[in-house]
Each structure stands twice: as C-alpha cells, then as structure tokens.
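Below is one structure, written out as structure tokens; comments come after it.
The values are calculated or read from the model by the stated rules, or taken from the named source; none is laboratory data. Source: prediction; values computed, not measured. Here the Cβ positions follow ideal geometry from the backbone for every residue, glycine too, while neighbour counts run over all protein chains shown.
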Amino acid sequence: MHRPTAQTCGSLVPRAEACKVPVGPQQGDCATDADCAGTPNGHCDPEYVGQGAYKCACQPGCTKDADCAGTGEICLCGDPIGACVKAACATDADCGSDYCRSFAEGLSCPGGTAFKCESPTDGCVTNASCGGNEVCSIHPDGVARCTGICMD
C-alpha cells in the first residue's frame, strides 16, 4: 500500500467479546481487552507462537503515528485498532519523487509489514510484480525483492 499522508485510525477497543484462538485450547495472558489496561491502547488478540499454536496476548495499539513510541515506526490502521510497524518513511514527502510504500518485512516467518521509499534498485514494488508463490519483501540490504512465501 502507498502512504501519501499520515492517517488517524479508528478504534473498536475495548471490545466486550472474549479472545478466541483459531485452533487448539484457549490459553494465554488475557481473556478480554479489559485485561490489557496496562498496555497502551491494549487489546487481547490471538498471537501465533509457532508450530500451529496460538495464545491470547495483550497487544499494543495506536490511532496515530505519535502513539508509536519506537524510533522509526508509524501507525498502520487495522482492526480492531492500528498497529505500530517499522518505517523508513512516514509519508511520500519523505521520499522525494518516490512513494512511501509498504512491503513485507524481512525474510522471516510469519513476517510483518514495513514501509520504505521506493527505490530504482528495488526488484519489485507489489506482490503482483512477483510470481504467484512469492511476495515483495524488504531484504536485509534494504532492497525490495521477490521472496518465496513462507510456510510454517
């Protein structure tokens, strides 16, 4: 996705319903959003812990970039609230004549989303510019290239 300007995200937090993991027994650090009062904009959602297992965990949220305390992070709007993601740019204004665009972050599984300025050295710009079994991701050298989809 392309980020021409900063955004203010909506929030559905706190929600009344309990967290439910997609598979396996109910487990985790929280049961509802109310259990996450000590986490900024906290909400209780399933978190993947590997090998097909999940747990309910308090996740921090954001509604604006200023909520992201980490250096080099912006607020990416989502459901039920935005999440802070790594970013080398916040808007197109940070990129000169190029776009501030999202890419898959790194080569790890399950990976996340990160933003950077498009570059002429990038081998891809969107997942559509890659083969059917690949995603456009930021490699350790900062260049976006097509990478095979992770299977865990």
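Structure summary
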{"item": "Search result, residues across the stretch 62-79 that are surrounded by 14 or more Cβ atoms within 10 Å (Cβ to Cβ) and among the hydroxyl-bearing types (Ser, Thr, Tyr)", "result": "63"}
{"item": "The stretch 131-152: number of residues that are among the hydrophobic types (A, V, I, L, M, F, W, C) and either at pLDDT 85 or above or not in a loop (DSSP other than H, G, I, E, B) (or both)", "result": "6"}
{"item": "Failed item in (1) modelled with pLDDT of 95 or more; (2) in the same structural domain as residue 30 (by TED's automatic domain parsing), with residue 50 passing the rest", "result": "(1)"}
{"item": "Test: residue in the stretch 66-78 that is of a type in the set (A, V, I, L, M, F, W, C), in a loop (DSSP other than H, G, I, E, B) and under 19 Å from residue 4 (Cβ atoms)", "result": "yes"}
{"item": "Selected residue (criterion: surrounded by the most Cβ atoms within 10 Å (Cβ to Cβ)) from residues of the stretch 98-115 that are at pLDDT below 90 and part of a loop (DSSP other than H, G, I, E, B)", "result": "111"}
{"item": "Whichever residue in the stretch 1-38 is modelled with pLDDT of 90 or more and among the polar types (S, T, N, Q) and, among such residues, is surrounded by the fewest Cβ atoms within 10 Å (Cβ to Cβ)", "result": "5"}
{"item": "Residues satisfying the stated conditions in the stretch 116-130, i.e. assigned to a loop (DSSP other than H, G, I, E, B) and of a type outside the set (Asp, Glu)", "result": "119, 120, 121, 123, 124, 125, 126, 130"}
